[in-house]
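One structure is given below, encoded as structure tokens.
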């Protein structure tokens, strides 16, 4: 940060001190206008000046992340996860995808440059430090409760998919890892690290049948007994064939009872083209 920036005023120091004492990590224009009994334009000026002096970081329209007092005026950035939690504090959201894989140690890869966040409404991609925050839209009712947990980072609670929900999201949206082949490979590796009955229970409540079909096929390949997977077929046998890899040509045998076309060119459970 430029060392020639103006020093903090007594009122600004008092504000920062109060926020630090109360553990406040986020402030909005409306919050400040209420606490200081001033107009919103006046509150906007105060927050803009604090941001210019390096005491706050703007993370949304009228929303600011509060830096620790020890970091004011020097180069510093909070965790991108903290920024997400600060931005979406009063809204439904969760962090999933590769960052959740790293957090839960489901992969040896360290993912941090892209943070995938799921929200009910569309949002543009944001840049925070060296990372990008990419928003994905989910509107089904249980999306923000099924397998979503709270983790603590830098003293801030962050909503994140648990291990089983993270893998299920990958099966549902393999593009989170770049390609269906990459996502499937990781799921196959990580499935032994999670609670199989829990992921089955989550999938039984999943709105997309194709995801249940693919999960059943992957679990059967992993040696899971078909009886344990009965909840995945509670609404009857699938009638439509789905390809295992959604982004590759639909060629290969169809396996029952999942009606999944094994187009990954690797060996799977016994089956034949047109198996019903």
Report the full-extension gain for the segment residue 226 to residue 153: residue separation times 0.36 nm, less the Cα-Cα distance, to one decimal in nm. 22.4 nm
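Using the beta-carbon distance between residue 102 and residue 9 and R0 = 41 Å, what value does 1/(1 + (r/R0)^6) give for FRET efficiency, to the nearest 0.05? Walk me through the intermediate numbers first.
Working: r = 41 Å, r/R0 = 1.01.
Taking R0 as 41 Å, the efficiency between residue 102 and residue 9 is 0.50.
Counting pairs of alpha carbon atoms under 8 Å apart in space and at least six apart in sequence, what relative contact order in percent does the range 80-161 give? Each step should come with its number before you reach the end.
Working: 134 pairs, mean separation 27.4, N = 82.
RCO, the range 80-161: 33 percent.
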Fewest first, what order do 29, 22, 44 take by the number of other Cβ atoms within 10 Å? 22, 44, 29
Rounded to 10°, Cα long-axis angle of helix 180-190 versus longest principal axis of the chain: 90 degrees
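Can you tell me the FRET efficiency between residue 195 and residue 127 if r is taken as the Cβ-Cβ distance and R0 is 41 Å, rounded to the nearest 0.05?
On the way: r = 36 Å, r/R0 = 0.87.
In this case the efficiency is close to 0.70.
In deg cm²/dmol and to the nearest 500, what is the mean residue ellipticity at 222 nm of the chain if only DSSP H runs of at least 4 residues count, each as -39500 (n - 2.57), divided by the residue total? Kindly include the intermediate steps, with their values, before the conclusion.
On the way: 9 runs with 91 residues, N = 276.
So the calculated ellipticity at 222 nm is -9500 deg cm²/dmol.
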Here are a few candidate values for mean projected area of the Cα convex hull in nm²: (i) 21.7; (ii) 15.1; (iii) 16.8. Which one was actually calculated from the structure I just gave you? (iii)
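Nearest 0.05, what FRET efficiency do residue 21 and residue 114 give at R0 = 35 Å with Cβ-Cβ as r?
Details: r = 35 Å, r/R0 = 1.00.
Calculated value: 0.50.
Could you work out the relative contact order of the chain? I mean the mean sequence separation of Cα pairs under 8 Å and 6+ apart, divided by the number of residues, in percent. Display every interim value, and only then the final one.
Details: 408 pairs, mean separation 28.4, N = 276.
Relative contact order here is 10 percent.
Given the chain, what percent of its DSSP beta bridges are antiparallel, to the nearest 5?
Bridges in the chain that DSSP calls antiparallel: roughly 70 percent.
Using the number of other C-beta atoms within 10 angstrom as an exposure proxy, rank 10, 53 with the fewest first.
Details: 10 7, 53 19.
The order, fewest Cβ neighbours first, is 10, 53.
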Tilt relative to the chain, helix 40-52 - C-alpha long axis, 0 to 90 degrees, to 10: 80 degrees
Residue 136-residue 237 pseudo-label distance in nm [points 7 Å out on the Cα-to-Cβ vector]: 3.1 nm
Take 255, 128 and order them by how many other Cβ atoms sit within 10 Å, fewest up front. 128, 255
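Each reported figure results from applying straightforward, stated rules to the coordinates on display, with no laboratory input. Model, not experiment: these values are computed from the prediction. Reconstructed Cβ throughout: ideal geometry from the backbone, glycine too, with neighbour counts over all protein chains shown.
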